[in-house]
Amino acid sequence: MRRKITVKTITLLLLLVSFVTYGQEEHGHSDSGSDRKSEVKAYIQHHLKDSYDFNLFSWTSDSGEEKHFGFPLPVILWDGGLKVFSSSKFHHGESVAEVDGNYYKVYHSKIYKTDAEGTIKYDEEHHATNEKPLDFSITKNVLMIMMVFAIMFFMFSRMAKSYKKNGGLPKGTGRFLEPIVLYVRDEIARPNIGEKHYKRYMSYLLTVFFFVWIVNLFGLTPIGMNVTNNIAVTLCLALITYLITTFSGNKNYWKHIFWMPGVPVPMKIILAPIELLGTIIKPFALMIRLYANITAGHVVLMSIIGMVFLFQNWLGSGLSFMLAFVLAILELLVAALQAYIFTVLSALYFGMAVEEHDDH
Amino acid sequence: MEKLFEDFSLGLFFWQAVLFIALIFLLRKFAWKPILDSVNSREEGIREALDSAEKAKLDMQNLQADNEKLLKEARLEREAMLKEAREMKAKMIEDAKTDAKEEANKLVAAAQASIETEKKAAIAELKTQVASLSIEIAEKVVREELSNKDKQMKLVESMLGEATLN
């Protein structure tokens, strides 16, 4: 019942918003409007990308000078030797950084090697063709991963200690976290992997669940962190799931891939490459699912927040604000849901790998 | 797809891999293992406690059943004893009654016998007394009678006459 009402409300809001948008365009004060639109678009694009400095917010001062509030992060490059310097040398991507006689420039959030003027050469499709040094910089996302690392380590090691001090009972945050840990164990690991093998995978499942969840939640804070919408991060997680699945696969698992029992021989030959491809598609889907869900959530949420500034009237902005509020709550759910789905599917793949078919 | 490749950052991948794998191992050592171990031992403890409670309950039931049985037996025994006692009492009373009756009869009989002998003795004594009295009287009478000749004669005659009548 409640869900119906929510769906109705959202539909109604969307309808109203579309009318208001229509009216807006008809009135057409096009100059400032499109300016602002492209500004919002650029802002969203910028938000989705990683960056070399930790920028909380920027503004243009009265004198037309761009000001940034935040701090620079270390840039670590491997370009015929290790090069470490502060990202403040880039001046927020506006200038060329000179290190040991080499020149580097940030272009579309990537570091390119350039000449002293910072010339970027392009191919026909307008892609930069400059040399890219190996980049191991502590970017905003890396910093965020480190922060989550520290938070998780602090939180859970404290929880573990509270058990010891308190005679086998959790204390403080542990009381809140224990049911979630038990949920991962009893509702995710046990039914999907099986009573016999699930213990081996608990460390990975718990770590990945809390990591993805906490990182997603931080993504919703106004600090503007957004780790899980980087394909590199989700690829890393999916790759670990893939490797664990592959290396824990028993005889039965491989038999079901290369020589499917219970089907005629020609079918076995057809099925083998499909099954083999399936082992790669599964983690690939994991990677894309997490990446796409978080990216889409951020784009939609930020677009709607951007609409507040585009409308500049009480009705449109008010509705956009309410819609953004509802969506933000939905995103809170998605943050947990994606962590859950990633963990459940990983557990499911591990379960397939260690399954013993006694009934065949 | 192209955008995905373009967005891919090797550095981020490297850091994520290093940090995440380190996090897994660190948390396994310092968090997950102790947490899951204590949760497990706690669950084990709860299970054991429940089991022992169940066992205690069963023992209690057994004990109660035993008690009931004992009580029942005791009650039966008591009833049997009471019954026996009652019977014994009745028998004793009965016995006493017969004994008493016999004794009384005996006493009465003895009394009657002694009365009889007494009576006989008394009668005998009376007889002797009467005889001696009679003799005395007879003596006196005879003496008086014999003081007169006639009278002596008459007496002899009457006596003789009586003697023949006898």
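The values are calculated or read from the model by the stated rules, or taken from the named source; none is laboratory data. From a predicted model like this one, the values you see are computed outputs, not experimental measurements. Heads up, the Cβs are rebuilt from the backbone with ideal geometry, glycines too, and the neighbour counts pull from every protein chain shown.
In region B:1-35, what residues are over 17 Å from A:Tyr291 (Cα atoms) and small (Gly, Ala, Ser)? Correct list: B:Gly11, B:Ala22, B:Ala31.
Within the option set A:Ile188, A:Ile193, being surrounded by 21 or more Cβ atoms within 10 Å (Cβ to Cβ), within 27 Å of A:Ile240 (Cβ to Cβ), touching a Gly at 6+ places or on another chain (Cβ under 9 Å) and in contact (Cβ under 8 Å) with a residue 60 or more places away in the chain holds for one residue only, A:Ile193.
Identify, from the list A:Ile231, A:Ile257, A:Ile305, A:Ile280, the residue that is touching a Phe, Trp or Tyr at 6+ places or on another chain (Cβ under 9 Å) and farther than 30 Å from A:Ser38 by Cβ. It would help to see each step written out before you state the result.
Numbers: A:Ile231 fails: farther than 30 Å from A:Ser38 by Cβ; A:Ile257 fails: touching a Phe, Trp or Tyr at 6+ places or on another chain (Cβ under 9 Å); A:Ile305 fails: farther than 30 Å from A:Ser38 by Cβ.
The match here is A:Ile280.
Using the structure shown, decide if A:Asn55 is modelled with pLDDT of 75 or more, surrounded by 11 or more Cβ atoms within 10 Å (Cβ to Cβ) and more than 29 Å from the chain's Cα centre (by Cα).
Spelling it out, it is not the case that A:Asn55 is modelled with pLDDT of 75 or more, surrounded by 11 or more Cβ atoms within 10 Å (Cβ to Cβ) and more than 29 Å from the chain's Cα centre (by Cα).
Against the definition (facing chain A (nearest Cβ under 9 Å) and acidic (Asp, Glu)), how does B:Asp37 come out, yes or no?
Yes; evaluated as a whole, the condition is true for this residue.
Quick check on region A:105-118. Is at least one of its residues exposed (fewer than 13 other Cβ atoms within 10 Å of the Cβ), farther than 27 Å from B:Phe5 by Cβ and more than 27 Å from the chain's Cα centre (by Cα)? Yes; the residues of region A:105-118 include at least one that is exposed (fewer than 13 other Cβ atoms within 10 Å of the Cβ), farther than 27 Å from B:Phe5 by Cβ and more than 27 Å from the chain's Cα centre (by Cα).
Condition check ((1) under 26 Å from A:Phe71 (Cα atoms); (2) at pLDDT 90 or above; (3) among the polar types (S, T, N, Q)) across all residues:
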residue	(1), (2), (3)
A:Glu117	yes, no, no
A:Thr129	no, no, yes
A:Lys132	yes, no, no
A:Ile138	yes, no, no
A:Ile145	yes, yes, no
A:Val148	yes, yes, no
A:Met152	yes, yes, no
A:Phe156	no, yes, no
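Residues checked against (1) of a type in the set (Asp, Glu); (2) over 30 Å from A:Arg190 (Cβ atoms); (3) facing chain A (nearest Cβ under 7 Å):
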{"site": "B:Lys3", "(1), (2), (3)": "no, yes, no"}
{"site": "B:Leu12", "(1), (2), (3)": "no, yes, yes"}
{"site": "B:Leu23", "(1), (2), (3)": "no, no, yes"}
{"site": "B:Phe30", "(1), (2), (3)": "no, no, yes"}
{"site": "B:Arg42", "(1), (2), (3)": "no, no, yes"}
{"site": "B:Leu50", "(1), (2), (3)": "no, no, no"}
{"site": "B:Ala53", "(1), (2), (3)": "no, no, no"}
{"site": "B:Asp59", "(1), (2), (3)": "yes, yes, no"}
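Each row is one residue, and each column tells you yes or no for (1) free of Cβ contacts under 8 Å to residues at least 60 places away in the same chain; (2) among the aromatic types (Phe, Trp, Tyr); (3) closer than 30 Å to A:His47 by Cα; (4) within 8 Å of chain B (Cβ to nearest Cβ).
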site: A:Gly80; (1), (2), (3), (4): yes, no, no, no
site: A:Met155; (1), (2), (3), (4): yes, no, yes, no
site: A:Asn166; (1), (2), (3), (4): yes, no, no, no
site: A:Lys171; (1), (2), (3), (4): yes, no, no, no
site: A:Val181; (1), (2), (3), (4): yes, no, no, yes
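Considered as a group, the residues in region A:132-144 that are farther than 12 Å from B:Ser9 by Cβ and in contact with a helix residue (DSSP H, G or I) (Cβ under 9 Å, 6 or more places away or on another chain) include one that is farthest from the other protein chains (Cβ to nearest Cβ), and that residue is A:Met144.
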